[in-house]
Every structure is written in structure tokens, then in C-alpha cells.
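We did not get these values from a lab; they are worked out from the coordinates using the rules stated. Predicted, not measured: the structure shown is a model, and the values here were computed from it. Using ideal geometry, Cβ is built from the backbone for each residue, glycine included, and neighbour counts are taken over all protein chains shown.
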Amino acid sequence: MKPESLMMTHGYVPEWSENAVKCPIYQTSTFVFPNAEAGKRFFALAYGKTDPHAGEKPGLIYSRLNNPNLQILEERLALWEDAADAAVFESGMSAISTVFLTFLKPGDRLLISNPVYGGTHHFVHHYLPSIGVHVEHFDAETDLSELRAELCSSERGGQIKLIYAETPANPTNAVVDLKALGELKAALKNSHGTEIRLAVDNTYLGPIWQKPLEWGADMSCYSATKFLSGHSDLIAGAVTGTAECLLAIKTLRTFLGNMASPNTCWLLTRSLETLSIRMERQASNALQVLSFLESHPAVERVYFPGHSNQGAKQQAIHARQSPSAGAMISFDVRGGEASAFRVLNSFQLIKLAVSLGSNESLAQHPYHMTHADMPDEEKESLQLTDSMIRLSVGIEDPQDLIEDLRQALAPL
């Protein structure tokens with residue numbers, strides 16, 4: 001069965017919960033062992049002191065290690081990308097920072113795309129260097145073939161232990177070639193004989209419209225607060241990927257204690273049931289909104305995956321790796337910051353708020369809000385201007401959204 005069908009039942013046994021058709025919230029800190037021998041066995045498996053028997057699953061011990069809501073959610077998340085496993089965290093940044101801390105040690109080098117979400121940018125530039133991790137950038141215009149040749153022939157390439165890409169990029173919607181990144185990872189491993197991983201922030205399009213694991217990625221990272229939740233009522237993060245990577249991530253998560261709570265997991269499990277139809281409606285609405293913005297005289301430029309404004313190279317990459325452009329639109333208005341603020345302050349239906357991927361449409365000013373920490377010259381070099389508005393298109397009636405944009409843009 002397809003994930004859309006399995007989201008209703010996978011991993012849950014009604015007989016274990018008074019035959020309730022929906023999984024209840026297991027709001028408990030600890031679990032009773034059937035006997036002391038079972039407790040010994042559960043801990044031996046949890047700490048990797050022994051291997052499980054065929055078909056054996058870890059027993060429930062303590063909700064920092066495992067919980068039925070957490071386990072069911074992770075099993076269902078893994079289905080969307082045919083991943084070996086998934087790990088859920090208390091926030092998107094918790095998931096991302098745990099990935100960095102799992103695979104980067106002092107002296108290692110991180111190769112990361114630019115731009116990325118503002119929180120990721122801050123962690124990478126303000127914390128990782130403090131523990132001796134070196135950071136290198138590439139962007140959507142970087143010739144990855146040339147970069148591969150350079151890194152394969154230099155000692156620097158052997159220090160790269162993690163490649164991290166956000167695609168489409170927040171907020172410019174620039175796309176990165178996942179096939180080329182997979183080839184770069186393989187080439188560096190062959191040239192230097194070192195272990196290297198590829199992680200992709202898949203929040204904007206995944207897991208419906210983009211599946212990085214199919215292109216050689218080891219991990220897909222998510223702010224589950226966004227499309228995976230879709231209701232603006234929780235904070236969470238997630239990582240899906242290979243068994244080896246997820247074992248290492250979950251081991252560190254156990255001791256950082258940053259897994260999601262049973263209540264958050266229950267809410268996310270609910271949201272996954274409608275993930276596909278929500279994202280399809282949002283993507284459909286976005287195309288109608290885009291058509292309006294393209295022709296409005298107050299809009300200087302739109303930024304949308306696969307759009308002609310992004311260039312032929314970007315169009316080709318997007319067409320190859322994603323069947324949809326999703327629901328995130330950025331656009332520049334004439335008149336700079338003052339005009340952008342005037343538009344944001346004039347919305348009636350669209351909400352002025354950060355975050356994205358929710359049922360309601362949200363708009364914000366990346367230059368001074370989500371990406372405020374980035375140096376101004378860096379933002380401008382990546383076409384992230386003070387004229388830009390980032391719009392997350394929701395599931396409202398598309399004509400109502402267009403009318404709200406029309407009245408907000410009218411004074412410009």
C-alpha cells in the first residue's frame with residue numbers, strides 16, 4: 001500500500017489500547033517490565049550490548065528512550081521516503097543541530113549550501129567554529145563538477161565529513177542539484193577514503209514532492225513544524241535516512257534528551273494522515289497566486305522553483321528532481337523595504353508571521369526577520385533583498401488570497 005493509506009494504521013495495534021481506532025496519547029514517563037529478565041534484555045538492546053533476534057523489537061523502557069507515540073510516528077515518517085528509519089525531535093533546529101553534532105568533530109570540515117534557514121546559518125557560523133569545525137559554502141550557481149575536481153585533489157577535501165544542502169533554499173527558492181551532490185559525496189569518499197555523509201533540508205518540498213534519498217543523500221532533515229504538521233499548533237523536527245545514520249543520531253538524541261513529547265508525536269501522527277492532500281492543495285493554490293504576482297506592476301520579480309526567472313540551469317535541475325514547485329513564493333516589490341512593509345501591514349486574510357507550510361497563508365520579511373542574523377552583504381549577494389516578501393501559500397480559496405494580495409499591493 002502507498003504511504004497515504006498506511007498513514008491511517010501503520011505501526012498501531014488497536015487491541016493494545018482497548019480497540020481504540022486511533023492511537024491514544026501514551027502520557028507516561030516509564031513502563032512496567034513483565035519481569036526482571038525482560039528488563040535486563042531491554043537495556044542490553046537499548047545500549048547496543050547485544051544484537052536483536054530476528055523480528056525482535058526493543059522493549060519499552062522510559063520515554064526518553066522510546067514511547068509508543070514516538071515509535072509509531074517514526075515508522076510512518078520513514079514510509080514517505082522509503083527510509084530505513086526516522087527520528088523525531090522537539091524542534092527543527094534540534095534535529096538539524098543533532099545531525100551536525102553527530103557527524104562533525106573538531107578539525108572536520110562542513111560543506112554547506114547558501115542561503116539556508118536563518119537558525120541553521122546562526123548555528124553553523126556561531127557555534128560550530130567554536131568547537132573547531134571549519135565551514136565552507138557553495139550556492140546554486142557553484143559549478144559542482146569543478147568543486148568536485150578541486151576537493152578530490154586537495155587535502156581539504158579529505159577533511160569534509162558532512163555535506164549539507166537546503167533545497168529549495170529559504171527564502172530565494174534556489175535549487176541545488178542533488179544528483180551532483182550525490183556524485184560529489186561518492187567521489188570524495190573514493191579519493192580520500194574517508195567516511196562522508198550527505199544531508200538535505202527537505203522542509204520546503206518533502207516528503208511529497210522531493211525525495212533526496214533517491215539521489216544519494218543519507219538523511220532528509222525537516223522542520224516538522226511546517227508542512228508535516230500543517231496546523232501551526234506544534235514545534236517539532238525530524239530526520240529520515242539510512243539505518244547507520246539514524247542509529248548514530250538516535251544514540252546521541254538519547255543522551256541529549258531532545259526527542260519530541262508523546263503529545264507532539266500524537267499531533268504529528270494526526271497531521272500525516274492529510275499531508276498529501278494538504279500539500280497538493282497548497283501547491284495548486286500557489287500556481288494561481290504566482291500567475292497573479294507575475295503580471296502585477298508593483299512586483300519586480302518572483303522567486304519560485306523552476307520559474308524562468310531562476311534561469312535555464314535551475315529549471316532543468318528542478319524538473320529532474322521534483323515533480324512540483326510546492327507552495328513557497330518569494331517576490332520583490334518596487335520601492336524597497338518601505339513598500340514591502342506597507343504590503344505586509346495591509347494584509348487582511350494572509351497573516352504576518354514567520355513559519356511556513358501551514359493551512360493558513362503566512363507572509364514575512366526575510367531580510368529583517370528570519371534571516372536578520374546574516375550579514376547584509378551576504379544576503380544581497382544571494383539576491384535576498386529588503387524588497388523581498390516570503391509567502392507561504394495555504395489552503396484557503398485561491399481567489400480570496402489573490403484579492404488580499406491585490407488590495408495590499410494596490411497603493412504601490
Calculated [θ] (222 nm, deg cm²/dmol) that DSSP helices of n ≥ 4 give over the chain, each run adding -39,500 (n - 2.57):
-11000 deg cm²/dmol
Once you place label points 7 Å from the Cα toward the Cβ at Ala372 and Ala338, how far apart are they in nm?
2.2 nm
Taking the Cα centre of region 275-409 as origin, sum charge times position over the Cβ atoms of Lys and Arg (+1) and Asp and Glu (-1), and report the length of that vector in debye to the nearest 20.
360 debye
Residue-wise HN-Hα coupling along region 213-227, computed from phi with Karplus coefficients 6.51, -1.76, 1.60 (Hz; x: Gly, Pro)
4, 6, 10, x, 6, 8, 8, 10, 10, 9, 7, 6, 4, 7, 4
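Looking only at GluC sites (Glu not before Pro) in DSSP loops with at most 12 other Cβ atoms within 10 Å, what is the longest site-free stretch of the chain? Show your work: numbers first, answer last.
On the way: sites that count: Glu18, Glu56, Glu141, Glu195.
Counting at most 12 other Cβ atoms within 10 Å as exposed, the longest clean stretch of the chain is 196-412.
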Which of Ile61, Ile235, Ile350 moves the most in a Gaussian network model of the chain with Cα springs under 10 Å?
Ile61
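Among rounded, prolate and oblate, which fits the chain when a ≥ b ≥ c are the square roots of the eigenvalues of its C-alpha gyration tensor, a/c under 1.5 means rounded, and a/b larger than b/c means prolate? Mind dumping the intermediate values first?
Details: a/c = 2.07, a/b = 1.32, b/c = 1.57.
Cα axes put the chain in the oblate bin.
Given Cβ point charges of +1 (Lys, Arg) and -1 (Asp, Glu) and nothing else, what value in debye, to the nearest 20, does the dipole of region 79-184 about its Cα centre take? It would help to have the intermediate numbers written out before the result.
On the way: 6 positive and 15 negative charges, 76 e Å.
Using Cβ point charges on Lys, Arg, Asp and Glu, region 79-184 gives about 360 debye.
Checking the a/c ratio against 1.5 first, then a/b against b/c, what shape does the Cα gyration tensor give for region 304-412? Numbers along the way, then the final one.
On the way: a/c = 1.69, a/b = 1.13, b/c = 1.50.
Oblate shape, in that a/c is at least 1.5 and b/c is the bigger or equal ratio.
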Could you pull out every residue, at least 5 positions away or on a different chain, whose amide H is within less than 5 Å of the one on Ser361? Hs are placed 1.01 Å off N in the peptide plane, and Pro or chain starts have none.
Lys351, Gly394, Ile395, Glu396
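Taking the beta-carbon count within 10 Å as an exposure proxy, list Asp143, Asp177, Asp332 from fewest neighbours to most. Mind showing how you got there, number by number?
Numbers: Asp143 11, Asp177 23, Asp332 20.
Fewest-to-most Cβ neighbours within 10 Å comes out as Asp143, Asp332, Asp177.
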Taking Cα atoms only, Rg over Rh for region 1-149 with Rh from the Kirkwood formula is 1.07
In nanometres, what is the gap between the two model label sites at Gln399 and Leu252, each 7 Å from Cα along Cα-to-Cβ?
5.1 nm
Would you give the gap between the C-alpha center of region 93-147 and the C-alpha center of region 231-262, rounded to a whole Å?
19 Å
Mean-square fluctuation maximum in Gaussian network of the chain, Cα pairs under 10 Å, restricted to Pro398, Pro305, Pro212, hits Pro398
Compute the separation of the alpha-carbon centres of region 315-346 and region 39-72 and state it in Å as a whole number.
45 Å
How do Thr225, Thr102 rank when sorted from fewest to most other Cβ atoms within 10 Å of their own Cβ?
Thr102, Thr225
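Treating only the Cβ of Lys, Arg, Asp and Glu as charged (+1, +1, -1, -1), what charge dipole size does the chain show about its Cα centre? Round to the nearest 20 debye.
So the magnitude is around 820 debye.
At 0.36 nm per residue, minus the direct Cα-Cα distance, what do Gln315 and Glu195 gain on full extension? Give it in nm, one decimal, please.
Values: separation 120, 0.36 × 120 = 43.20 nm, distance 3.20 nm.
The Gln315-Glu195 span can extend by a further 40.0 nm.
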Given the C-alpha centroids of region 179-222 and region 371-394, what is the distance between them in whole angstrom?
25 Å
Listed residues Thr385, Thr28, Thr172, most fluctuating in the chain (Gaussian network, C-alpha, under 10 Å):
Thr28
In vacuo Debye sum over C-alpha of region 88-210, base-10 log of normalised intensity I(q)/I(0) at q = 0.14, 0.22 Å⁻¹, listed in q order, is -0.57, -1.41
Of the candidates His137, Ala286, Thr251, the farthest towards the positive dipole end of the chain (Lys/Arg Cβ +1, Asp/Glu Cβ -1, centred on the Cα centre) is Thr251
Amide H neighbours of Ser91 under 5 Å, at least 5 residues apart or on other chains, H built in the peptide plane: list them.
Gly237
Local electrostatic count, Val200, Cβ distance below 13 Å [Lys/Arg +1, Asp/Glu -1]:
-2
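Report the local net charge at Leu287: Lys and Arg +1, Asp and Glu -1, summed over other residues whose C-beta lies under 12 Å from its C-beta.
Numbers: positive: Arg281; negative: Glu280, Glu294.
Surrounding charge for Leu287 is -1.
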7 Å from Cα along Cα→Cβ at both Lys351 and Ser295: what's the point-to-point distance in nm?
3.1 nm
Kirkwood-Stokes translational diffusion coefficient of region 1-82, alpha-carbon pairs, 37 °C, 0.692 mPa s, µm²/s:
229 µm²/s
